[in-house]
Amino acid sequence: MPSSGYIQVAVVLLAVQLACLGASDADQETGTVIPAESRPCVDCHAFEFMQRALQDLKKTAFNLDARTETLVLRAERRALCDCMPTSSLR
């Protein structure tokens, strides 16, 4: 089941795409072109947002990887021979 962070990123990306489509349709309908100098740097903001989202995803992946490694080590510890004392496994 996807985490809420992934869902939030997906919803925001969908909203950005819809906004871009709506803006391009509006420009085509009116026939006016806004000069690049007067437009806000939407691409810069989108890039920064995507950078932060990627960093968050990397942190999440690292945390999941670390958690998985811990669980695997626990399972391996439990699967060891019963002949060994528990204190020697730590």
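Only the coordinates and a few stated rules stand behind these numbers; no lab work does. Every value quoted in this text rests on a predicted model; they were computed, and no experiment measured them. Glycine gets a Cβ as well: all are built from the backbone with ideal geometry, and neighbour counts include every protein chain shown.
Could you compute the FRET efficiency for residue 71 and residue 7, with r as their C-beta to C-beta distance and R0 at 22 Å, rounded to 0.05?
0.35
Under a Cβ-Cβ cut-off of 13 Å, what is the net charge of the residues other than residue 5 that fall near it, where Lys and Arg count +1 and Asp and Glu count -1?
So the environment of residue 5 carries a net charge of +2.
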